[in-house]
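Everything on this sheet refers to the single structure shown next.
Read-outs: derived from the displayed coordinates by stated rules, not from any lab. Here the structure is a predicted model, which is why all the values come from computation and not from measurement. Backbone-built Cβ (ideal geometry, glycine too); neighbour counts: all protein chains shown.
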Amino acid sequence: MMDIAANRFTTKKALYERIAKQGTVSKADLMPLFDIKTSTMNRLLDELLSEKLIIEAGFGPSNGGRKPILFQINPSWGYFFGLEISRFYSTLGLFDMAMNPMSITRWRMDEDMTPQKFVKQVATTVRALLLDHRITLDQIKGMGIGAVGPLDRDAGIILNPLYFEAKGWTNVPICELIREQTGIEAKLDNGANTALLGEHWAMRESQLQHMLYVHVGVSLRSSMMSYGGIVHGSVDREGSIGQMIIQADGPRLHAHGNYGALEAYVSIQAIERLAQSEAKLGRSGLISRASVKPEDIKYDLLLNELNMENPNTLELFLKTARHLGIGLANLINIFHPECIILGGTLINSHESFYRTAIEVAIGNTYYYPEYTPLFSKGLLREDAVAAGAALMMWKGLNV
């Protein structure tokens, strides 16, 4: 009996998720997708209707008989929060059951944003959003958190991430703190994974099964999806892509990193070091302001020069993009994804950076042109982590 009950529960949940993915659908559309009898389908649909998880959405076109009833999920049955914790800024989104964003709020992660202050900021924002949208706390079904790693996902702890401006971001039991301050159950995963979940959902009409997500900014982060599911390793090290060796006798970015690792060539700190080194060697024209000392050349200044179409600065970025392309080619030749989503501040720094990285990656893809993956900046972009975090909670919902 337990096996029958478990199978019924699994079918019901799969049916609910299928209705959610397709938006509006008839019973006739659903029947070929499930190996169940018509009577079972009717019973499950009736249960979902009685529980108000789905609603009737009018009638579809007739094929000669009665017009079929259309079903869709009830977007106001419950709500989810999706929280991104990043180094530069954090994002809190409120989503309905159809994963429609109702509100997106961002704030800077400056040197004062300690974990304690951060959690209070989240709690204050949660209360404000509930009030604005006239939602009660019991209607909130959970908060998904996508954070910079490394993490202990099961324990809900942010372990020892690098480069946070504020102190205290070591061994932070973020899920426990969120529950204490908001009364909302929380679940943690790394931001690259939730970003890929979000983008996969946004692109669901394409029916992609194998995807790769790479974020290029202060550090490099990546996530892989196979057969529609996130690939988790035995440990959470989303930044491991940065330790991919692309030059055996090359430099390393930090004392704990590999020599010749990708992060030493492709990251904000790497491009800052390259610019400072070039300036110290006497290369002129990188920065239009001649009074700037080499050690004062920072990313924001380089980005400003890039926006002014400084050719010397552009070449600096393109050199970085070529190295990224080599790293991408290595990943592509191992995983063979259908689609690669590229995100992060370096990807968005200049269209030439994005295009150059892709050109180099394709040029070093072994089975090209027989195998040609799709490249994209994604549909959700800066909202992907928060949206995917909310979706993670939605997928874990018992229906």
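What does the helix-only formula give at 222 nm for the chain: each DSSP H stretch with n ≥ 4 adding -39500 (n - 2.57), the total divided by the residues, and the result rounded to the nearest 500 deg cm²/dmol? It would help to have the intermediate numbers written out before the result.
Values: 11 runs with 149 residues, N = 399.
Here the helix-only value at 222 nm equals -12000 deg cm²/dmol.
Looking only at Cα atoms, what is the convex hull volume of region 64-117 per residue, in Å³?
On the way: hull volume 5.1 nm³, N = 54.
Residue-normalised Cα hull volume stands at 95 Å³.
With the contact rule set at Cα under 8 Å and sequence spacing of 6 or more, what percent relative contact order holds for region 207-377?
Numbers: 267 pairs, mean separation 40.1, N = 171.
Taking the mean separation of contacting Cα pairs over the length of region 207-377, I get 23 percent.
For Thr91, Thr11, Thr372, what ranking results if the residue with the fewest other Cβ atoms within 10 Å of its Cβ goes first? Intermediate values should be presented prior to the final figure.
On the way: Thr91 21, Thr11 16, Thr372 11.
Final ranking by Cβ density, sparse to dense: Thr372, Thr11, Thr91.
Would you report the distance distribution of C-alpha pairs in region 207-377 as whole percents per 5 angstrom bin, up to the bin with the largest distance?
Histogramming region 207-377 at 5 Å steps yields 2, 9, 17, 20, 19, 15, 9, 5, 3, 1, 0 percent.
Pick the calculated volume of the Cα convex hull per residue in Å³ for this structure from (1) 254; (2) 162; (3) 185?
Only one listed value fits the structure, namely (3).
When only C-alpha pairs under 8 Å and at least 6 residues apart count, what is the relative contact order of the chain, in percent? Present the calculation step by step, with values, prior to reporting the outcome.
Values: 726 pairs, mean separation 65.7, N = 399.
Reported relative contact order: 16 percent.
Explain nothing, just the number: dipole magnitude of region 11-124 about its Cα centre with +1 on each Lys and Arg Cβ and -1 on each Asp and Glu Cβ, in debye rounded to the nearest 20.
Roughly 220 debye, rounded to the nearest 20.
Over all directions, the average projected area of the alpha-carbon convex hull for region 1-152 comes to how many nm²?
Numbers: hull surface 51.3 nm².
Value for region 1-152: 12.8 nm².
At q = 0.19, 0.22, 0.28 Å⁻¹, what is the base-10 log of I(q)/I(0) for region 2-73 according to the Debye formula with one equal point scatterer per Cα and no solvent? Please give it to two decimals.
Treating every Cα as an identical point scatterer, log10 I(q)/I(0) equals -0.75, -0.99, -1.48.
Given +1 on the Cβ of Lys and Arg, -1 on the Cβ of Asp and Glu, and no further charges, what dipole in debye does the chain carry about its Cα centre, rounded to the nearest 20? Don't jump to the answer; show the numbers that get you there.
Numbers: 39 positive and 42 negative charges, 110 e Å.
For the chain, the charge dipole is close to 520 debye.
List Ser26, Ser219, Ser226 from most exposed to least, where exposure is judged by having the fewest other Cβ atoms within 10 Å. Working shown, then result.
Values: Ser26 17, Ser219 23, Ser226 13.
Going from sparsest to densest Cβ surroundings: Ser226, Ser26, Ser219.
Going by how many other Cβ atoms sit within 10 Å of their own, how do Asp96, Asp300, Asp29 line up, fewest first?
On the way: Asp96 21, Asp300 10, Asp29 16.
By the 10 Å Cβ count, ascending: Asp300, Asp29, Asp96.
How large is log10 I(q)/I(0) at q = 0.12, 0.13, 0.16 Å⁻¹ when the Debye formula is applied to the Cα atoms of region 195-302, each weighted equally and without solvent?
The Debye formula, applied to the Cα set alone, gives -0.58, -0.64, -0.82.
In region 189-296, which trypsin sites (Lys or Arg not before Pro) are in a loop and have at most 13 other Cβ atoms within 10 Å, using DSSP for the loop call? Spell out each step's value before the answer.
Values: sites: Arg204, Arg221, Arg237, Arg252, Arg273, Lys280, Arg283, Arg289; in loops: Arg237, Arg252, Arg283, Arg289.
Within region 189-296, the qualifying trypsin sites (Lys or Arg not before Pro) (loop, at most 13 other Cβ atoms within 10 Å) are Arg283, Arg289.
Over region 207-377, what is the percentage of antiparallel beta bridges among all DSSP beta bridges, to the nearest 5?
Working: 9 of 17 bridges.
Once the DSSP bridges in region 207-377 are tallied, antiparallel ones form about 55 percent.
If the only charges are +1 at each Lys and Arg Cβ and -1 at each Asp and Glu Cβ, what is the size of the charge dipole of region 207-377 around the Cα centre, to the nearest 20 debye?
Working: 13 positive and 16 negative charges, 53 e Å.
With only Lys, Arg, Asp and Glu charged at Cβ, the dipole is about 260 debye.
If R0 is 35 Å, what FRET efficiency do you get for Thr105 and Arg252 from their C-beta distance, rounded to 0.05? Let's see the in-between values first.
Values: r = 38 Å, r/R0 = 1.08.
That gives a FRET efficiency of 0.40.
Using only Cα atoms and rounding to the nearest 10 degrees, what angle (0 to 90) does helix 115-132 make with the longest principal axis of the chain?
40
Could you grab the Rg to Rh ratio for region 84-151? Cα atoms only, Kirkwood for Rh.
On the way: Rg = 12.6 Å, Rh = 13.0 Å.
Rg divided by Rh gives 0.97.
Residue separation times 0.36 nm, minus the C-alpha to C-alpha distance between Arg43 and Lys167: what's the value? Can you show the working numbers first?
Numbers: separation 124, 0.36 × 124 = 44.64 nm, distance 5.49 nm.
That works out to 39.1 nm of additional length.
Out of Leu342, Gly144, Met211, whose Cα points farthest toward the positive end of the dipole of the chain (charges: +1 Lys, Arg; -1 Asp, Glu; placed on Cβ)?
Gly144
Taking the Cα centroid of region 179-242 and of region 309-325, what is the distance between the two, rounded to the nearest whole Å?
If you average the Cα positions of each part, the centres end up 28 Å apart.
What number comes out for the charge environment of Ser90, summing +1 per Lys or Arg and -1 per Asp or Glu over other residues with Cβ under 10 Å away? It would help to have the intermediate numbers written out before the result.
Details: positive: Arg87, Arg106, Arg108; negative: Glu84.
Once all neighbours under 10 Å are counted, the net charge is +2.
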